[in-house]
Amino acid sequence: MDHLDLSDHLERLAAHEPPVRPAHEHLAAGRRALRRRRVAELGAVTAVLAVLVGGWAVVGDGGSSRATEPPAAPPTTSRAPMPPPEGEWAQWQDGAVRLADGVEELDRIDAGRDGVGLELRAGDDVRWYLVDRRRTTSFDAYVAFDSLADWVSDQTFPGGPAARAALVRLAPDGTLAPGRPGVEIIEQVASPDLPDSYDGGNLVTAAALVEVDGERTWLLARDPAATDVITVALARASTLDDFLAFARERYADGPGGGSEGML
């Protein structure tokens, strides 16, 4: 092929090639490609962050996929309850009731002149206290009485146990009669069926609703030879049968063979 034929051939080939793009067009296309690549990389990073926030790590040690739990909350510590204080939990000082350290007052009722009944807690123990200028008396709560008021009523009965015993006379057949003026027997039952822990299996007993100086109370009596009398607040039962059911429950033998009793 001579020189002229070669020139013609090259001209024919050039006529079929796409036109050459100006340099500024190549530069703009390159910038667009760079932006697309950066957007794709940013999307990938965002996806990884979203997974991490959800509590999962996509890639763990050595490139393996594993789940990671959110950090556990620090353990909470609870203090052991304080042991009950030694000695009395409450006492009368400088004209007022003072509680020992670590003692919480749950309830309080008036108990006559300068007296107060308290339900107190120390640790897991709950006790009742009767405090006044002359004495401090305590008792395990809810053992023999259903409420602080019932216990205080028993403790503050005028004259105490001796005065209660004088309220009635118990005959050998179980019949009750007033023991002093101001006492009226409203209803009574002789020798009620009560557990041996109360009557010893053979003592003469009686139960009654009595009125003492205008106020009514439930009453249990046993042993005519040395009459022992227990009084229980009127609110504790609605009928004499209810009162006897309460007494049977209190004097029933427990798992250890003993009974709670009512005093």
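Scanning region 206-231 for residues that are under 18 Å from residue 245 (Cα atoms) and either outside any strand (DSSP E or B) or hydrophobic (A, V, I, L, M, F, W, C) (or both) yields 206, 207, 208, 209, 210, 218, 219, 220, 221, 229, 230.
Of everything in region 83-94 that is of a type in the set (A, V, I, L, M, F, W, C) and either in a loop (DSSP other than H, G, I, E, B) or modelled with pLDDT under 90 (or both), the residue that is farthest from the chain's Cα centre (by Cα) is 92. Only one of the numbered conditions (1) of a type outside the set (S, T, N, Q); (2) without any contact (Cβ under 8 Å) to a residue 40 or more places away in the chain; (3) in a strand (DSSP E or B); (4) over 18 Å from residue 172 (Cα atoms) is violated by residue 242, and that is (3). Evaluated against (1) at pLDDT below 95; (2) more than 44 Å from the chain's Cα centre (by Cα); (3) open to solvent by less than 70 Å² (accessible area, probe 1.4 Å), residue 176 falls short on exactly one condition, (1). Only residues in region 155-183 that are under 17 Å from residue 205 (Cα atoms) count as the first member; pair them with residues that are part of a helix (DSSP H, G or I), Cβ under 7 angstrom, at least 6 apart or cross-chain, and list the lot. Every condition considered, the pairs that remain are 170/224; 171/224; 172/224.
Among the residues of region 248-257, none qualifies, meaning not one is over 39 Å from the mean Cα position of the chain (by Cα), at pLDDT 90 or above and surrounded by 12 or more Cβ atoms within 10 Å (Cβ to Cβ). Taking every residue in region 133-150 that is modelled with pLDDT of 85 or more and pairing it with any residue that is assigned to a loop (DSSP other than H, G, I, E, B) and among the small types (Gly, Ala, Ser), at least 6 positions away or on another chain, the pairs with Cβ-Cβ distances below 8 Å are 148/141. Annotation: residue 115 fulfils all but one of (1) of a type outside the set (Asp, Glu); (2) more than 23 Å from the chain's Cα centre (by Cα); (3) farther than 30 Å from residue 251 by Cβ; the unmet one is (3).
Only residues that are under 19 Å from residue 160 (Cβ atoms) and open to solvent by 60 Å² or more (accessible area, probe 1.4 Å) were counted across region 113-150, and they come to 5.
Answer yes if at least one residue in region 200-214 is closer than 24 Å to residue 100 by Cβ, open to solvent by 50 Å² or more (accessible area, probe 1.4 Å) and either of a type in the set (Asp, Glu) or without any contact (Cβ under 8 Å) to a residue 24 or more places away in the chain (or both), and no otherwise. No.
The values are calculated or read from the model by the stated rules, or taken from the named source; none is laboratory data. Just so it is clear, the model here is predicted, and its values are computed rather than measured. Reconstructed Cβ throughout: ideal geometry from the backbone, glycine too, with neighbour counts over all protein chains shown. In case anyone asks, the SASA skips ligands and DNA or RNA and just uses the protein heavy atoms, side chains included. Shrake-Rupley method; radii C 1.70, N 1.55, O 1.52, S 1.80 Å.
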